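To start, the structure under review is shown below, and the notes come after it.
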Amino acid sequence: VQLQASGGGSVQAGVSLRLSCAASLRTFRNNAMGWFRQTPGKEREFVAAISWSGGNTNYADSMKGRFTISRDNAKNTVYLQMNSLKPEDTAVYSCAASTYASVTYDSTLYRYWGQGTQVTVSS
């Protein structure tokens, strides 16, 4: 199983980025997917999650209204649209496939993890 995140980069504060995560998981459409981020010296932080169907989503409070998670099961891909980026959004963003179909912020319930993509936001 491979999860490949892409779309990161170095941007100025206030702009948008769209991250993509392509999954080789055969059961992709049965799994909830999530995005997490991490900065050096800090614990992994939940960003957003989406249910198997895309009908339910969940966001960390600091991302609500700015980030949007979506998925295309036909393409085995999950997306993270990030708007109004702030310097504190700087991190490595990783996608993960949950063991379950419903959304969860609990990283221990995600079985498969991608390597992540770096997002750097400067002021």
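A simple packing score, the average count of other Cβ atoms within 10 Å per residue, orders the peptides 57-69, 78-90 as 78-90, 57-69, with the highest score first. Charged side chains reduced to their Cβ positions (Lys and Arg at +1, Asp and Glu at -1) give region 8-57 a dipole of some 140 debye around its Cα centre. In this simple spin-label approximation, THR39 and ASP106 carry label points 7 Å from Cα along the Cα→Cβ vector, and these lie 2.8 nm apart. Leaving out ligands, DNA and RNA, and with a 1.4 Å probe, what % of the accessible surface on the chain is carbon or sulfur? Using a 1.4 Å probe with all protein chains present, the chain comes out at 45 percent carbon and sulfur. For the chain, the per residue solvent-accessible surface stands at 52 Å², with DNA, RNA and ligands left out and a 1.4 Å probe. Working note: Cα atoms of region 27-97, range along each principal axis, descending, whole Å: 34, 24, 18. Among SER98, SER53, SER70, the residue with the largest mean-square fluctuation in a Gaussian network model of the chain, with springs joining Cα atoms closer than 10 Å, is SER53.
Computed from the mean reciprocal separation of all distinct C-alpha pairs, what Kirkwood hydrodynamic radius does the chain have, in Å? List each step's numbers first, then the result.
Details: mean 1/r = 0.0714 Å⁻¹.
Computed over Cα pairs of the chain, the Kirkwood hydrodynamic radius comes out at 14.0 Å.
The values are calculated or read from the model by the stated rules, or taken from the named source; none is laboratory data. What you see is a predicted model, and the numbers here were worked out from it, not measured in a lab. Backbone-built Cβ (ideal geometry, glycine too); neighbour counts: all protein chains shown. SASA here: full protein model, heavy atoms, side chains in, ligands and nucleic acids out. Shrake-Rupley method; radii C 1.70, N 1.55, O 1.52, S 1.80 Å.
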